[in-house]
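Asks: I have a structure I would like to understand better, so I am pasting it below and will then ask my questions one at a time.
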Amino acid sequence: MGIVRRGIKRLGAPALLLAGPVYFLSTPTQLAAQSSSFAEVDFDIPAGRLSSAIRTLSRQARISVATSDRGIRQVRSRSVRGRMNAREALALLLEGTEYRAVSVGVDAYRIERNLPAPPTARAAPRPAAAAPLPPPPPPPQPIIVEATKRAATPFDYAGGIRLLDLQTPGLLAASASLDEMLASVPSVSGTALGSGRNKIFLRGIADSSFNGPTQATIGLYLGEQRIIFSAPNPDLRLVDMETVELLEGPQGSLYGAGTLAGLLRLNPRQPDSSVFEGEVWAAGATTSGGEESWDVGGVINAPIAENAAIRVVGYGGEEGGFIDDVGQRDLANINSAEFYGGRASFGWDVSPDWSVELNSFAQHTAQDDGQYVDARFSSLARSDRVAQPFSSRIYGGGATVRGYLGSAQLVSSTGLVDNSLDTTFDSSVLTGNPGRQAFRERREIRLLTHETRLSGGDPESFDWLIGVGAVRNRDEVSQLVTNLSGMDDPPPFARQRFRLDEIAMFGEGRYRFAPAFSATAGTRLLYTRSTGERSFGPDRVVEPRDGPIRLLPALALSWHPSDEAIVYIRLQQGYRTGGVTIERQPGGDPDTARFDPDTIRSFEIGLRGNTRGPVRLTYGATLHRSDWDDIQADILDAQGFPITRNIGDGKVTGLDASFGLETLDGWRLDLAAAYNDSNVDRLQPMGGGIAQTSIPNVPEFALNVRAAKEWVWGEDESAGMALTGRYTGRSFVDLDPQVRAPQGKFGSLDAAAWWNDGDIELRLEATNLTNTQGNRFAFGNPFTARTERQETPLRPRTVRAQLRFRF
């Protein structure tokens, strides 16, 4: 491929349309002997999406048109009809937009945004003529924020938002996981039980350390499809992803129940009908004192028709263990894990105004044993009588239709997800020595979602959004205690199924009442119905319950001092439905208990912006306050069995800040920090009054600093290096004084270096350079959490090499 690429370079400007990371809007055409740009053609291009209109124009005029700006998909274009040449048709098509057509060769054009006019300044007298300075590069194209459900830039949204561009050079390895990426965001925290079983917490809204039947406090989306409701983070690999978007704070008005803390949206690359391309990679890693790791994967994008394409992603690997069991089992590196998965997507532009997307995904994760240690041992080790494996399997698919009804855009999406979680804990402590007993819990979760929404209006005056949505979540849990030593009878088997149905109507409008000021108001009207069913004990109990009709409003005011800056205040609400849980009596017999909904009210004030010039600055800060009523939490009973209850009311106050600097000579510095102060007023049993404590798993302070330098030669070849430092402050693992162990208060240092010539990329990275042990999570086994000093260490120093080929 290198020979082909060098040949393309020699062909000149027209060939640039076929090289580099360019998103094509039209299929390449052969150069005519005589230019087609000036030949008159009978054009018939209806109004619609600008991307589709350009593709139609290029086909009718037999010219090539390309752009790297994906935001062009969100722009509406006028109709162009009549006899004229291609240049005139392009000018009419782009009239009134912020785009222009630049000729890059014979019958070849590139669409780019108009550059702002440079400011005029009085020239100071000079004794002699000075060499002219090189012109500054064009400003970076704004990323369109899809999570707002309307075409918007980060400066249009009056609320806390973070955009993580996964195409940033050297940021992540090809098969990095969602957990690894979120480690770079200080406002995000979570548990550390292991890949596929962790909870994600945002802005200090953390319910508990354990996985139970409660809804997640965040919404997690893959494109338009919601993929979790009452399940932990499946830790999808970020293979072939473009961006990750975080909407911070409750998102009840746009996304409904279960988004108390915010929203995470993963945006995968979409099929491209204009080019056949792909990549493959392989990587290996070695860990100090542990086993080796490896992973492989590949991506293929293939056109199958003029306006249709498929994109397929596949990956897999193994992460070596580094924790030993020094007891009866006498095993080394017991916490090895494996993963494999993939995605497939089909995209078809049915017409200039309508498109269809079909997507599917699957991932399997399995860990041989828990990844915690007993701090009483001097090494990374513990002593168990029974292995504690875990496995997670998630697969799903969805369909999305996009189009225009007049000037309004319609998006309709339907998705189905199946999620299976299988967890084993060593419960031998309940039998006494030398008994061996295992507690096994299996959950089968099926999530069906649908949403149809319509948006329109003028962003410069009033724009709007209305929609309807429906959710059905079925969560079936079975618990089995197995006696492996044949001594005592274990507690009986228990199975329970909980189904929740939700239907909703929602809407939002934004009114620009002055050139630099806007007001946003929205609400969601939702109705829920839940049914709990158990299949243990003397009776089969069914408990239907209709939830109250709820209204979840949001209000915001914003000031735009410039096109790339915003100052805002926002008020919003969030809500989680109630449910049922399995509780255990003192003798171990199971029973069913309900827990009630919880609600949250949040206020925030913030700002963010960019500056232009030779040194580009980005900045942002948010001060937020949340009041949380009737907190749902998964806790441990006296024996160690996980149960779910409403534990009390809480308050969270926090400050998030970020700063970035980017220079023309390739230097980049990013700094982000978060501070949280929280408390929970928890009712004590037996009239014990109210105990005040902080919310678990939320560090008081967290910091992330990254410095990177990139060198670029010519068009394709580049190299770079980066150094990342992280600090995690102190937090606690639970609310219960007997389990409430401290964690955090550690730092780590990572480094990466890479070289890329367009076709081949070599990446070297070293994580935890200082070999810090730390304590990420002071929990591992609920049955011994009160008697052991459990800690989850950082992975020891690991060096990884990755080789990637693109074609």
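The values are calculated or read from the model by the stated rules, or taken from the named source; none is laboratory data. What you see is a predicted model, and the numbers here were worked out from it, not measured in a lab. Please note: Cβ atoms are built from the backbone with ideal geometry, for glycine as well, and neighbour counts cover all protein chains shown. SASA here: full protein model, heavy atoms, side chains in, ligands and nucleic acids out. Shrake-Rupley method; radii C 1.70, N 1.55, O 1.52, S 1.80 Å.
Asks: Give the residues of the stretch 556-601 that are open to solvent by 30 Å² or more (accessible area, probe 1.4 Å), in a strand (DSSP E or B) and out of contact with any Lys or Arg (no Cβ under 7 Å at 6 or more places or on another chain), sorted by residue number.
Replies: 557, 559, 561, 562, 567, 569, 571, 583, 591, 594, 599, 601
Asks: Just the residues that are open to solvent by less than 40 Å² (accessible area, probe 1.4 Å) and in contact with a helix residue (DSSP H, G or I) (Cβ under 7 Å, 6 or more places away or on another chain), please, taken from the stretch 358-402.
Replies: Result: 386, single match.
Asks: Taking interchain pairs and intrachain pairs at least six residues apart, which have beta carbon atoms under 8 angstrom, with the first residue in the stretch 150-167 and over 20 Å from residue 512 (Cα atoms) and the second aliphatic (A, V, I, L, M) and open to solvent by 30 Å² or more (accessible area, probe 1.4 Å)?
Replies: 163/143; 165/143; 165/171; 166/172
Asks: Take the stretch 599-616 and flag every residue that is in contact with an Asp or Glu (Cβ under 8 Å, 6 or more places away or on another chain) and farther than 15 Å from residue 556 by Cβ.
Replies: 599, 600, 609, 610, 611, 612, 615, 616
Asks: Go through the stretch 772-807 and report how many residues are crowded, with 22+ Cβ neighbours inside 10 Å, assigned to a strand (DSSP E or B) and among the polar types (S, T, N, Q).
Replies: The number of residues fulfilling the criteria is 3.
Asks: What single numbered condition from (1) part of a strand (DSSP E or B); (2) of a type in the set (A, V, I, L, M); (3) open to solvent by 50 Å² or more (accessible area, probe 1.4 Å) fails to hold for residue 769?
Replies: (1)
Asks: List the strands (runs of 3 or more DSSP E) inside the stretch 207-304, counting only whole elements, that have at least 3 residues being modelled with pLDDT of 90 or more, farther than 22 Å from residue 553 by Cα and charged (D, E, K, R). Full working, then the answer.
Replies: Working: elements: 218-222, 241-248, 262-268, 277-287.
Qualifying strands (runs of 3 or more DSSP E): none found.
Asks: I need every pair where a residue in the stretch 352-364 that is in contact (Cβ under 8 Å) with a residue 60 or more places away in the chain has its Cβ under 9 Å from the Cβ of a residue that is hydroxyl-bearing (Ser, Thr, Tyr) and open to solvent by 30 Å² or more (accessible area, probe 1.4 Å), sequence separation at least 6 or different chains.
Replies: Once the first residue is in contact (Cβ under 8 Å) with a residue 60 or more places away in the chain and sits in the stretch 352-364, its partners that are hydroxyl-bearing (Ser, Thr, Tyr) and open to solvent by 30 Å² or more (accessible area, probe 1.4 Å) give 361/395; 363/340; 363/395.
Asks: Next up: Determine whether residue 606 is outside any loop (DSSP other than H, G, I, E, B) and at pLDDT below 95.
Replies: The answer is no for residue 606.
Asks: For the subset of the stretch 403-426 comprising residues that are modelled with pLDDT of 95 or more and among the hydroxyl-bearing types (Ser, Thr, Tyr), which member is most open to solvent (accessible area, probe 1.4 Å)?
Replies: Out of the qualifying residues, it is 414.
Asks: Please give the number of the condition residue 650 fails out of (1) in contact with a Leu (Cβ under 6 Å, 6 or more places away or on another chain); (2) open to solvent by less than 30 Å² (accessible area, probe 1.4 Å).
Replies: Looking at each condition in turn, residue 650 falls short on (1).
Asks: How many residues are within 27 Å of residue 531 (Cβ to Cβ) and of a type in the set (S, T, N, Q) when one looks only at the stretch 594-640?
Replies: 2
Asks: In the stretch 195-225, what residues are under 29 Å from residue 272 (Cβ atoms) and either open to solvent by 10 Å² or more (accessible area, probe 1.4 Å) or of a type in the set (Gly, Ala, Ser) (or both)?
Replies: As a first pass, look at the stretch 195-225 and keep what is under 29 Å from residue 272 (Cβ atoms): 219-225.
Selection gives 219, 221, 222, 223, 224, 225.
Asks: Within the stretch 260-310, can you find the residues that are in contact with a Phe, Trp or Tyr (Cβ under 9 Å, 6 or more places away or on another chain), closer than 17 Å to residue 356 by Cβ and open to solvent by 30 Å² or more (accessible area, probe 1.4 Å)?
Replies: Of everything in the stretch 260-310, those that are in contact with a Phe, Trp or Tyr (Cβ under 9 Å, 6 or more places away or on another chain), closer than 17 Å to residue 356 by Cβ and open to solvent by 30 Å² or more (accessible area, probe 1.4 Å) turn out to be 303, 304, 305, 307, 310.
Asks: Select from the stretch 744-766 the residues that are polar (S, T, N, Q) and either part of a loop (DSSP other than H, G, I, E, B) or at pLDDT below 95 (or both) and list them in ascending order.
Replies: Residue satisfying the conditions is 756 alone.
Asks: Just name the residue that is nearest to residue 192 (Cα to Cα) out of those in the stretch 367-389 that are of a type in the set (Lys, Arg) and part of a loop (DSSP other than H, G, I, E, B). Don't jump to the end; show me each part of the working.
Replies: So in the stretch 367-389, the residues of a type in the set (Lys, Arg) come out as 376, 382, 385.
Among the residues that remain, those that are also part of a loop (DSSP other than H, G, I, E, B) are: 376, 385.
Values: 376: 20, 385: 22 Å.
Of everything passing the filter in the stretch 367-389, 376 is nearest to residue 192 (Cα to Cα).
Asks: For residue 433, indicate whether it is open to solvent by 10 Å² or more (accessible area, probe 1.4 Å), over 30 Å from residue 557 (Cα atoms) and free of Cβ contacts under 8 Å to residues at least 24 places away in the same chain.
Replies: Taking the combined requirement at face value, the residue satisfies it.
Asks: Select, from 192, 183, 158, 174, the only residue that is surrounded by 23 or more Cβ atoms within 10 Å (Cβ to Cβ) and under 26 Å from residue 334 (Cβ atoms).
Replies: Exactly one of 192, 183, 158, 174 is surrounded by 23 or more Cβ atoms within 10 Å (Cβ to Cβ) and under 26 Å from residue 334 (Cβ atoms), namely 192.
Asks: Now a separate question. What's the number of the only condition in (1) within 16 Å of residue 329 (Cβ to Cβ); (2) at pLDDT below 95 that residue 430 fails to meet?
Replies: (1)
Asks: Given (1) at pLDDT below 90; (2) among the charged types (D, E, K, R); (3) part of a strand (DSSP E or B), where does residue 668 come up short, assuming only one miss?
Replies: Every condition holds for residue 668 apart from (1).
Asks: Within the stretch 705-724, does at least one residue satisfy the condition of being part of a strand (DSSP E or B), polar (S, T, N, Q) and under 21 Å from residue 261 (Cβ atoms)?
Replies: no
Asks: Now for a separate question. Checking residue 432 against (1) part of a strand (DSSP E or B); (2) more than 30 Å from residue 343 (Cβ to Cβ), only one condition comes out false. Which one?
Replies: (1)
Asks: Sticking with this one: Looking only at the stretch 234-257, which residues are in contact with a Pro (Cβ under 8 Å, 6 or more places away or on another chain) and open to solvent by 10 Å² or more (accessible area, probe 1.4 Å)?
Replies: Answer for the stretch 234-257, where residues must be in contact with a Pro (Cβ under 8 Å, 6 or more places away or on another chain) and open to solvent by 10 Å² or more (accessible area, probe 1.4 Å): 240, 242.
Asks: Also, quick follow-up: Can you pull out the residues in the stretch 481-518 that are of a type in the set (A, V, I, L, M, F, W, C) and either buried (at least 17 other Cβ atoms within 10 Å of the Cβ) or modelled with pLDDT under 90 (or both)? Give the derivation first.
Replies: Within the stretch 481-518, the subset of a type in the set (A, V, I, L, M, F, W, C) is 481, 484, 487, 493-494, 498, 500, 503-506, 513-514, 516-517.
481, 484, 487, 493, 494, 498, 500, 504, 506, listed by residue number.
Asks: For the stretch 619-637: of the residues being surrounded by fewer than 17 Cβ atoms within 10 Å (Cβ to Cβ) and in contact (Cβ under 8 Å) with a residue 40 or more places away in the chain, which is farthest from residue 591 (Cα to Cα)?
Replies: Looking at residues that are surrounded by fewer than 17 Cβ atoms within 10 Å (Cβ to Cβ) and in contact (Cβ under 8 Å) with a residue 40 or more places away in the chain, I get 619.
Asks: For the stretch 366-376, state whether one or more residues are within 30 Å of residue 805 (Cβ to Cβ) and at pLDDT below 95. I'd like the intermediate steps shown before the answer.
Replies: Of the stretch 366-376, the ones within 30 Å of residue 805 (Cβ to Cβ) are 366.
This time we only want the ones that are at pLDDT below 95, so: none.
There is no residue in the stretch 366-376 that is within 30 Å of residue 805 (Cβ to Cβ) and at pLDDT below 95.
Asks: With the requirement that a residue be at pLDDT below 95 and touching a Leu at 6+ places or on another chain (Cβ under 6 Å), what does the stretch 552-574 give you?
Replies: 573, 574
Asks: Further, regarding this structure: Condition first: among the β-branched types (Val, Ile, Thr) and modelled with pLDDT under 95. Can you find one or more residues in the stretch 471-479 that meet it?
Replies: Within the stretch 471-479, one or more residues are among the β-branched types (Val, Ile, Thr) and modelled with pLDDT under 95.
Asks: Continuing with this model, one more query. Which residue pairs have Cβ atoms closer than 6 Å, lie 6 or more positions apart in sequence or on different chains, and pair a first residue in the stretch 320-334 that is on the phi > 0 side of the Ramachandran plot with a second residue that is of a type in the set (Gly, Ala, Ser)?
Replies: 333/290; 333/321
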